[in-house]
Amino acid sequence: KNRLAWGKHDNQIIAFNVKPDVRQTGDTTGWDRPDNYWFVDIFSAELSAIKQELGFAPKEKYHITIGRTY
């Protein structure tokens, strides 16, 4: 991975679009607590470009976790 690019975009505002549908999914750390996390999907060409610059594959969509239930 491109460690020289780490920190290059610190404090940069990244534009993204939000899909306003909230979705619920299981625990992403091992599925030991199903249906605990709530997400919204986001889409950002800018974020994908930064991931590529860092040496990672871009994604079609990303997510933001907005809550967790117990």
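Laid out as a table, the results:
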item	result
Identity of the residue in the range 43-70, of a type in the set (D, E, K, R) and out of contact with any helix residue (DSSP H, G or I) (no Cβ under 9 Å at 6 or more places or on another chain), that ends up surrounded by the most Cβ atoms within 10 Å (Cβ to Cβ)	51
Hits in the range 5-27 - residues which are exposed (fewer than 11 other Cβ atoms within 10 Å of the Cβ) and at pLDDT below 85	none
Close pairs (8 angstrom Cβ cut-off, 6 or more residues apart or separate chains): within 22 Å of residue 64 (Cβ to Cβ) in the range 2-14, in a loop (DSSP other than H, G, I, E, B) anywhere	6/54; 14/44
Pairs with Cβ under 9 Å, 6+ apart, first in the range 45-70 and in a strand (DSSP E or B), second open to solvent by 90 Å² or more (accessible area, probe 1.4 Å) and hydrophobic (A, V, I, L, M, F, W, C)	62/16; 64/16
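The values are calculated or read from the model by the stated rules, or taken from the named source; none is laboratory data. In this text, all values refer to a predicted model and were calculated from it rather than measured experimentally. Note that we place each Cβ from the backbone using ideal geometry, even for glycine, and neighbour counts take in every protein chain shown. These accessible areas exclude ligands, DNA and RNA; they are computed on the full protein's heavy atoms, side chains included. Shrake-Rupley method; radii C 1.70, N 1.55, O 1.52, S 1.80 Å.
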